[in-house]
Amino acid sequence: MTHSPSIAVVVVNWNSGQYLRKCLQNLKDQTLSPARILVVDNASTDGSMEGLEQRFSEWEFIRLDKNTGFASANNLAVNKVEDCDWIAFLNPDAFAHPNWLGNLMRAVEIFPDVKMFGSHMLGHDNGLIDGTGDIYHVSGVAWRRDHGMKSSKVNRESGEIFSPCAAASLISRDAFLEVGGFDEDFYCYNEDVDLSFRLRLIGHRCIYVSDAVVEHVGSGSTSRYSDFAVYHGQRNLVWSYFRNMPGLWFWIYLPQHILFGLIALIWFSMKGKAVPVFKARWDALKGLPRVLKLRKETQNSKTVVGKKVVDAMSRDFWVPYTQKKKLR
């Protein structure tokens, strides 16, 4: 196996059950071996960590005494790997094909100016696509491109996307730290889109790597439409929009952002999720003083014109309401 001294792989676990062991075994079988692998356990209670420290004794395991959230646990790991240039984030329910990491690093060589890379994510054993990078819409909602499509009908080449899904991504450690890492108040959901938005504001792009393949179960720890997922997803998309949408474009697309919020309230309420979605919006509003303070810092550090960032987004008015997709 070829050894790279500059890559750290970070896996954050919380009650991932049987998936975690398979995820780690697939990492062990990579043709390109990273310098470090860190497994951060967010106080799991399902026994998913049992025996793993003995089985993968050459890796680093960090057991936290409480669930600090996906964003915080990843930040903790990134801060520990000072000797690594690149961070590969991998969810415990994502099973990397043997050349996953090697093909990501080959993309680094092909695109030397790029600091973010996303993977080709297949659904696990279902013949469908889980995602080929994330799309961000000017209304503030994001989704996985090609989610739910038959894999046999998707033949995308490597190319630019708005952001990578953190379930299987590669990001420059320096770039990650330059914008402050994941926003820990997000806890989980949309933290990857928010991070990529901030990186784009200082001039970075993101490339989808078509041959960097993982199989992703998706919602391996929490159900896609659980109260937990609805709450954090709907709250965090508000915070990301208010912090990051640049300049005049914030005001131009604010009506669309408000409209999407109203429709989301109705749609989730009809699905029996009125409590979490209304709580999400209320807590998003209560958190705006913090977010607006961060907005000032983020916009002051912006190095590219807002139009360049907006040009990388989807602007079709109807797409958030008509296209089958996996909301982020």
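Only the coordinates and a few stated rules stand behind these numbers; no lab work does. Bear in mind that the values here come from a model prediction, so they are computed numbers and not experimental data. Because the Cβ atoms are built from the backbone with ideal geometry, glycine has one as well, and the counts that use them run over all protein chains shown.
Let me confirm something: among Arg290, Arg295, which residue is in contact with an Asp or Glu (Cβ under 9 Å, 6 or more places away or on another chain), closer than 20 Å to Phe182 by Cβ and either of a type in the set (D, E, K, R) or not in a helix (DSSP H, G or I) (or both)? Give the steps one after another, and end with the answer.
On the way: Arg295 fails: in contact with an Asp or Glu (Cβ under 9 Å, 6 or more places away or on another chain).
From the options Arg290, Arg295, the qualifying one is Arg290.
Of the residues Ile135, Ile110, Ile171, only one is touching a strand residue (DSSP E or B) at 6+ places or on another chain (Cβ under 8 Å) and either more than 19 Å from Ala35 (Cα to Cα) or of a type in the set (Ser, Thr, Tyr) (or both); which?
Numbers: Ile110 fails: touching a strand residue (DSSP E or B) at 6+ places or on another chain (Cβ under 8 Å); Ile171 fails: either more than 19 Å from Ala35 (Cα to Cα) or of a type in the set (Ser, Thr, Tyr) (or both).
None of the other options fit; the residue is Ile135.
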- Could you check, for segment 214-232, whether at least one of its residues is in contact with a Phe, Trp or Tyr (Cβ under 7 Å, 6 or more places away or on another chain), closer than 26 Å to Lys293 by Cβ and crowded, with 24+ Cβ neighbours inside 10 Å? no
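Per-residue answers, yes or no, for (1) within 26 Å of Asp125 (Cα to Cα); (2) of a type in the set (Val, Ile, Thr); (3) in a loop (DSSP other than H, G, I, E, B); (4) free of Cβ contacts under 8 Å to residues at least 12 places away in the same chain:
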| position | (1), (2), (3), (4) |
| --- | --- |
| Ala166 | yes, no, yes, no |
| Ile171 | no, yes, no, no |
| Asp174 | no, no, no, no |
| Gly180 | no, no, yes, no |
| Ser196 | no, no, no, no |
| Leu199 | no, no, no, no |
| Ser210 | yes, no, no, no |
| Gly218 | yes, no, yes, no |
| Ala229 | yes, no, no, no |
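Considering only residues that are within 12 Å of the chain's Cα centre (by Cα) and not hydrophobic (A, V, I, L, M, F, W, C), look in segment 188-203 and name the one that is surrounded by the most Cβ atoms within 10 Å (Cβ to Cβ). Break it down stepwise before answering.
Pass one, segment 188-203, residues within 12 Å of the chain's Cα centre (by Cα): 188-197.
Within this subset, residues satisfying the condition of being not hydrophobic (A, V, I, L, M, F, W, C) are 189-192, 194, 196.
On the way: Tyr189: 24, Asn190: 27, Glu191: 27, Asp192: 27, Asp194: 25, Ser196: 31.
Filtering first and then ranking leaves Ser196.
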- Query: All but one of (1) assigned to a helix (DSSP H, G or I); (2) more than 22 Å from Arg200 (Cβ to Cβ); (3) not small (Gly, Ala, Ser) hold for Tyr225; which doesn't?
  - Reply: (1)
- Note on the structure: If we ask which residues in segment 76-93 are buried (at least 21 other Cβ atoms within 10 Å of the Cβ) and among the charged types (D, E, K, R), their number turns out to be 1
